[in-house]
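Take a look at the structure set out below.
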Amino acid sequence: NSQQSPVHFDLLLIPSLLVLHPSALPILFQEELLNKEATEGEAVTLHCKLSKSAQVEWRKGDKVLQPSDKYKIEQEGPFAELTIQDLDLADA
């Protein structure tokens, strides 16, 4: 009878890193725009708050509003503001 030698296995543990990337959460309004009433010739400020910082684009219909003497656009983090100067009926 031949004797069998025992077989030894060395278990080598290799540490690994599992990185989970959360799926991109949608950006939601925390404070939505509210209708405002104002008088012609005055200024009005509209503001909103998002669930996280993201670039805000202000539009009137299909037209993207750009900063100018008429439109003042400010954003800090999730807070965005549009001030419309010298209101007239076309701004409704």
Rounded accessible area of Lys52 (nearest 10 Å², 1.4 Å probe) = 80
Partner lysines for Lys70 [C-alpha distance under 18 Å; skip if fewer than 8 residues away on the same chain] = Lys36, Lys60
Protein chains only, probe 1.4 Å: how do Glu32, Glu74 rank by accessible area, largest first?
-> Glu32, Glu74
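The values are calculated or read from the model by the stated rules, or taken from the named source; none is laboratory data. Keep in mind that what you see is a predicted model, and the values were worked out from it rather than measured. Protein only, heavy atoms only, side chains kept; ligands, DNA and RNA dropped before computing areas. Shrake-Rupley method; radii C 1.70, N 1.55, O 1.52, S 1.80 Å.
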